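S.K.: Would you mind keeping the following structure in view while I ask a few things?
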Amino acid sequence: MASLKFNEKQIFEKLFDNSGYVLDFSNRTFEEFFQDFNIPIYDNKYSINGDSKMKRLRAFWTLENDKLVGKVLESLLELANNINEIKIKDYKLAQQYINRLQDKKTTEQAVKKEFTENDFLKQEFSQIDISLLKLDYNFEEIIKQRLREIELSLNSGASLSVIFLCGSTLEGLLLNIATQNPQKFNKSKSAPKNKDGKVKALHDWTLDSLINVSHDVGIIKLDIKKFSHTLKDFRNYIHPRQQASQNFNPDKHTAEISWKVLQATIANLIGTR
């Protein structure tokens, strides 16, 4: 029997419960998902609370052991995040509970111990040669133009412009890598899927998915993944109303993190990091 506490269950209820359904699973895909863990989710023992998918999931996390429940919830969390980006606070909290079930340190703690934000900002990337990315001519010229504009914006204190330029440039570079390696990206366990369970076309992937899969296939390192998600969250404030509602006012420090993420990613891609 899993040791999930009441408050812990509430976060998973919030993230997975879709009016009795679980995310966007059909009966077939729900069964196939659990087959990956050798769990016959439509067995009678999981219908103790009722027959809906969410009721079967509740029965599962009540009846099974911590380690197995942790594995399943972690996979569901990734799927939920790919379907509709989860608020970073909810994601971290859910991951914390999952890691407790699996008796392991959180990724956040491991990254913090290995590499703090200040450590990340102290890195220098003065010799980044974009030509080593082997982009087509027009794309390479646009990337070079953006990098120059980012530096000008950073020096002039235009922090919001830096964030938006870094975020869109990062997305463009990762998508370019993905289109060059479609098989590798599509086979990743973090690849986003449609309601029918098929992997989405690459041009429909969000920056969040590109970051997760790029790390999963070994293209970017863990510290870049962590701070890339921070940049992704910053870039979401491109909508003025959202920026106003969250009272988000970027400063030079925020802009420098965004710029460092982009520099580190390029250095990673060309193998000079």
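S.K.: What residue, among those in segment 71-104 that are in a helix (DSSP H, G or I) and of a type in the set (Lys, Arg), is modelled with the lowest pLDDT? Give the steps one after another, and end with the answer.
M.R.: Kept after step one, since they are in a helix (DSSP H, G or I), are these residues of segment 71-104: 71-83, 88-101.
Now restrict to residues that are of a type in the set (Lys, Arg): 71, 89, 92, 100.
Numbers: 71: 92, 89: 81, 92: 85, 100: 89.
Per the criteria, the residue is 89.
S.K.: Next question, about the same structure. Here is a list: 175, 210. Which entry is under 30 Å from residue 252 (Cα atoms), among the aliphatic types (A, V, I, L, M) and surrounded by fewer than 20 Cβ atoms within 10 Å (Cβ to Cβ)? Spell out the reasoning first.
M.R.: Details: 210 fails: surrounded by fewer than 20 Cβ atoms within 10 Å (Cβ to Cβ).
Within the list 175, 210, the selection yields 175.
S.K.: Can you run down the residue pairs with Cβ atoms below 7 Å, 6 or more apart or on separate chains, where the first is in segment 124-135 and farther than 17 Å from residue 260 by Cβ and the partner is modelled with pLDDT under 90 and β-branched (Val, Ile, Thr)?
M.R.: The qualifying pairs are 129/270; 132/270; 133/270.
Yes or no, residue by residue, for (1) out of contact with any Ser or Thr (no Cβ under 7 Å at 6 or more places or on another chain); (2) without any contact (Cβ under 8 Å) to a residue 40 or more places away in the chain; (3) surrounded by fewer than 18 Cβ atoms within 10 Å (Cβ to Cβ):
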| position | (1), (2), (3) |
| --- | --- |
| 7 | yes, yes, yes |
| 16 | yes, no, no |
| 36 | yes, yes, yes |
| 41 | yes, yes, no |
| 74 | yes, yes, yes |
| 84 | yes, yes, yes |
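S.K.: Of all residues in segment 43-70, count the ones that are assigned to a helix (DSSP H, G or I) and surrounded by 14 or more Cβ atoms within 10 Å (Cβ to Cβ).
M.R.: Looking only at that region, the number is 17.
S.K.: Another one. Considering only segment 162-273, give the helices (runs of 4 or more DSSP H) lying wholly within it that have at least 3 residues that are more than 25 Å from residue 24 (Cβ to Cβ) and free of Cβ contacts under 8 Å to residues at least 60 places away in the same chain.
M.R.: On the way: elements: 182-186, 207-216, 222-235, 240-245, 252-270.
Qualifying helices (runs of 4 or more DSSP H): 222-235, 240-245.
S.K.: Sticking with this one: Suppose the filter is modelled with pLDDT of 90 or more, among the basic types (Lys, Arg) and surrounded by fewer than 16 Cβ atoms within 10 Å (Cβ to Cβ); does residue 195 pass it? Please lay out each step first, then the result.
M.R.: Working: modelled with pLDDT of 90 or more: no; among the basic types (Lys, Arg): yes; surrounded by fewer than 16 Cβ atoms within 10 Å (Cβ to Cβ): yes.
In short, no.
S.K.: Quick test of your reading of the structure: residue 142 fulfils all but one of (1) crowded, with 17+ Cβ neighbours inside 10 Å; (2) modelled with pLDDT of 95 or more. Name the failing condition by number.
M.R.: That leaves (1) as the condition not met.
S.K.: How many residues does segment 220-256 hold that are crowded, with 20+ Cβ neighbours inside 10 Å and aliphatic (A, V, I, L, M)?
M.R.: 4
S.K.: Let me ask something else. What residue, of 170, 202, is closer than 28 Å to residue 129 by Cβ, surrounded by 20 or more Cβ atoms within 10 Å (Cβ to Cβ) and modelled with pLDDT of 85 or more? Write out each step before concluding.
M.R.: On the way: 202 fails: surrounded by 20 or more Cβ atoms within 10 Å (Cβ to Cβ).
One residue alone meets the criteria, 170.
The values are calculated or read from the model by the stated rules, or taken from the named source; none is laboratory data. Treat the numbers as computed from the prediction; the structure is a model and nothing was measured. Please note: Cβ atoms are built from the backbone with ideal geometry, for glycine as well, and neighbour counts cover all protein chains shown.
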